[in-house]
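The values are calculated or read from the model by the stated rules, or taken from the named source; none is laboratory data. As the structure is a computational prediction, the values presented were derived from the model and not from experiment. For neighbour counting, all protein chains shown are included, and Cβ atoms are generated from backbone atoms with ideal geometry for every residue, glycine included. Each accessible area value is taken on the protein alone, full model and side chains, heavy atoms only, with ligands, DNA and RNA left out. Shrake-Rupley method; radii C 1.70, N 1.55, O 1.52, S 1.80 Å.
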Amino acid sequence: MPLPDDKSFSQLKKSEFHLWFKKAEKAVKEVEYIHAELTMPAVNELRYAGYHVSNYLEDTELLDELNRAVGHCKRAIYDAYEASILYNIKEFRAFKNDYGTVVISEVLADYSDLHYRVTNILEFLRSIDKETKDQHYAACKEHHQELKDIIIKLDSARDELNKKIRIERKKSFFAIAGIALAVLSAVIAFLAYLGCH
């Protein structure tokens, strides 16, 4: 195999593959921090990118291989952030489930807006054709950050919501205890009445 010349390396640098690879690697590391398994699709895309660069280095006439490599880097960015978004949407659903009996907006005044934003992010993901993921990596990154911020905000409200739940449980306990005491008093009074006659 002939070694690539300066022109070939210049072409490789011009393709900005190295920049896109670094951006993709940064996205993978960011998401890996959340959960390592989330990054597998993105890592596969980086593997494909390396494959195309290898093809180019074997035959430097194949300039399209560089475009493909950059495209895989962009898809790796998309895949990393998409995985993070899907993970955080599960977190959002868990939050909704955890506090389904509480009026969340009493603690988080903008909860309905947050819910609306999460729904829009999910719709964004559903609207993306898998063949055009490389064209939507930037929007996916923005949605990832927005959803990450929403989850942080929701998590910070958990203490207050848990307090509300405890207060409501105490109220329910005292209400049930009051009703039980009233029923018991009525039964005793009724039995006393029957005992007198």
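I'd like the orientation of helix 137-196 relative to the chain: the angle between its Cα long axis and the longest Cα principal axis, in ° from 0 to 90, rounded to 10. Approximately 10 degrees, to the nearest 10. Could you check how much of the accessible area of the chain is carbon and sulfur, as a whole percent, using a 1.4 Å probe? Ligands and nucleic acids excluded, carbon and sulfur reach 58 percent.
In Å², what does the accessible area per residue of the stretch 6-158 work out to with a 1.4 Å probe? Don't skip to the answer; put the middle values down first.
On the way: 8860 Å² over 153 residues.
On a per-residue basis, 58 Å².
A cut-off under 11 angstrom between Cβ atoms defines the neighbours of Asn120, and their net charge, with Lys, Arg +1 and Asp, Glu -1, is -1. Simple rule: put +1 on each Lys or Arg Cβ and -1 on each Asp or Glu Cβ in the stretch 6-158, find the dipole, and look at Leu86, Tyr51, Thr101; the Cα lying farthest toward the positive end is Thr101. Principal-axis analysis of the Cα atoms of the chain puts helix 40-58 at an angle of about 0° to the longest axis.
Just one of (i) 28, 19, 14; (ii) 41, 19, 16; (iii) 62, 14, 12 is semi-axes √(5λ) of the Cα gyration tensor in Å as worked out from the coordinates here. Which one is it? Answer by label: (iii).
Given the pairs Lys7/Lys29; Lys23/Lys153; Lys74/Lys141; Lys14/Lys74; Lys22/Lys141, which span a C-alpha to C-alpha distance of over 21 angstrom in this model? Violating the 21 Å Cα-Cα cut-off are Lys7/Lys29; Lys23/Lys153.
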